[in-house]
Amino acid sequence: MAATALSLPLYLDPKQQQHFHTHLNPTKGPPFLSSRNTFLSLHKLHRNNFKCSLPSSSSTNSVTPAQYYSFLDDPFRGSRFLTNEELENVKTLESFVYFQELESGSLWVRVMRNEEMDLTVGLLAFSFAELMFMSLGYEALLRFFVKQYLIERRAVMPHAVTLVGFYREKGGLRGEELAGTVEVCFDKRGANASPPTPTPPKNSPYVCNMTVTKHLRRRGIGWRLLKASEEIISQLTSSKEVYLHCRMIDEAPFNMYIKAGYNVVQTDSIFILLTLQRRKHLMCKKLPDFNSFPESDMSDSGVELPL
């Protein structure tokens with residue numbers, strides 16, 4: 001799978017912090033919960049035509065705040081006041097759908113719903129365990145931290161959002177299945193408090209936490225998740241720049257990002273190795289017009305985890 005960076009800092013000791021950064025290849029959400037803990041804690045964890053279904057501007061005046069909030073879970077509704085602009089963005093996220101016909105089937109990308117959280121948590125936890133060569137016995141612990149992270153991230157919506165992709169194979173009998181996930185941060189309010197290094201601009205859109213289901217890799221799903229992320233960024237922000245991270249050792253994802261139009265703007269110092277992390281590139285792309293994204297048959301190349 002080709003992916004971008006997921007940041008999951010685990011505090012194993014008050015004096016020692018270990019950062020896990022991963023480049024990974026349907027649902028309403030719970031309220032904000034602080035996961036800080038004296039023992040373990042999570043801190044701010046991230047043929048080829050497409051179409052996007054977006055709300056019509058003509059319907060703006062007829063939609064009430066209660067209808068906007070219907071996309072959110074009950075605890076979230078009362079947790080904070082949303083401005084009119086935020087309400088409009090929530091409506092846009094609720095309506096967002098990226099559809100892509102692949103050679104082997106069809107892919108739909110949209111915002112994660114609450115009932116899909118555990119499914120998404122399972123995919124991310126498995127990817128962590130796989131890439132860090134951890135035994136499956138640690139997967140339950142990873143699930144706990146990842147779920148707390150997703151809960152926290154959902155609480156900042158619409159300033160950040162978790163997208164999920166569902167895949168249906170041509171002629172298949174399995175129906176739709178979760179194919180991948182990706183997180184998109186739109187601005188400073190949605191930015192991770194502890195981003196990977198080199199640090200991207202806080203107020204610029206940032207793509208991270210992308211992974212693809214193992215048996216569905218090398219079908220171009222990672223590429224489509226990236227395109228869906230760029231599309232929703234174009235819809236919700238005026239920014240023309242988007243950032244992501246890529247580990248230096250991950251050649252295949254790096255080549256995919258270059259092909260997608262990303263360029264290296266900064267690279268970790270070699271001294272980052274002293275913190276037990278892998279050196280990473282910070283990459284940036286200047287977004288073209290909404291409907292001029294180049295399409296590609298680039299296959300997913302696996303999963304990458306920057307340490």
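Bear in mind that the values in this text are calculations on the coordinates, not laboratory data. Just so it is clear, the structure is predicted and the values come from calculations on it, not from any experiment. Counting neighbours? That spans all protein chains shown, and the Cβs are built from the backbone with ideal geometry, glycine included.
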Item checked: Under Karplus coefficients 6.51, -1.76 and 1.60, residue-wise ³J(HN,Hα) of the stretch 228-235 in Hz, glycine/proline x -> 4, 4, 5, 5, 5, 4, 5, 7
Checklist line | trypsin sites (Lys or Arg not before Pro) lying in DSSP loop within the stretch 113-194, provided at most 12 other Cβ fall within 10 Å | finding: Lys170, Arg174
Checklist line | Hz values of 3J(HN,Hα) by residue in the stretch 108-122 - Karplus curve (6.51, -1.76, 1.60), Gly and Pro given as x | finding: 10, 10, 7, 6, 4, 9, 4, 6, 9, 4, 4, 5, 5, 4, x
Next item on the list: Measure off 7 Å from each Cα along the Cα-to-Cβ vector at Lys202 and Asp118, then give the distance between these two points in nanometres to one decimal.
Entry: 3.7 nm
Check: How would you rank Glu183, Glu116, Glu169, Glu251, going from fewest to most other Cβ atoms within 10 Å of each one's own Cβ?
Finding: Glu251, Glu169, Glu116, Glu183
Item checked: 19 Å cut-off, amide nitrogen to a point 7 angstrom out along Val264 Cα→Cβ, residues in the stretch 183-218 -> 196-201
Margin query: For the pairs Lys259/Lys286; Lys147/Lys285; Lys170/Lys227; Lys240/Lys285; Lys202/Lys286, flag any whose C-alpha to C-alpha distance is greater than 18 Å.
Written below: Lys147/Lys285; Lys170/Lys227
Check: With r defined as the distance between the Cβ atoms of Ser95 and Asn255 and R0 fixed at 35 Å, what FRET efficiency is calculated, to the nearest 0.05?
Finding: 0.55
Check: Using 0.36 nm per residue, how much length does the chain from Thr275 to Leu141 gain when fully extended, once their Cα-Cα distance is taken away?
Finding: 46.0 nm
Next item on the list: Could you list which residues have their amide H under 5 Å from that of Gly180, counting only those 5 or more apart in sequence or on another chain, with H placed in the peptide plane?
Entry: Gly165, Thr213
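What length, rounded to one decimal in nm, is gained on full extension from Arg174 through to Ser106, with 0.36 nm per residue of separation minus their alpha-carbon distance?
Working: separation 68, 0.36 × 68 = 24.48 nm, distance 1.29 nm.
Contour length minus Cα-Cα distance gives 23.2 nm.
Could you please report the charge total around Pro158, scoring K, R as +1 and D, E as -1 over all other residues with beta-carbon less than 11 angstrom from its beta-carbon? Don't jump to the answer; show the numbers that get you there.
Numbers: positive: Lys91, Arg154, Arg189; negative: Glu85, Glu86, Glu88, Glu94, Asp187.
Taking every Cβ under 11 Å from that of Pro158, the sum is -2.
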Next item on the list: Give me the distance in nm between label points sitting 7 Å out from Cα along the Cα-to-Cβ direction at Lys286 and Glu241, one decimal.
Entry: 1.1 nm
Next item on the list: On a C-alpha basis, how far is the centre of the stretch 204-275 from the centre of the stretch 172-191 in Å? Whole number, if you could?
Entry: 14 Å
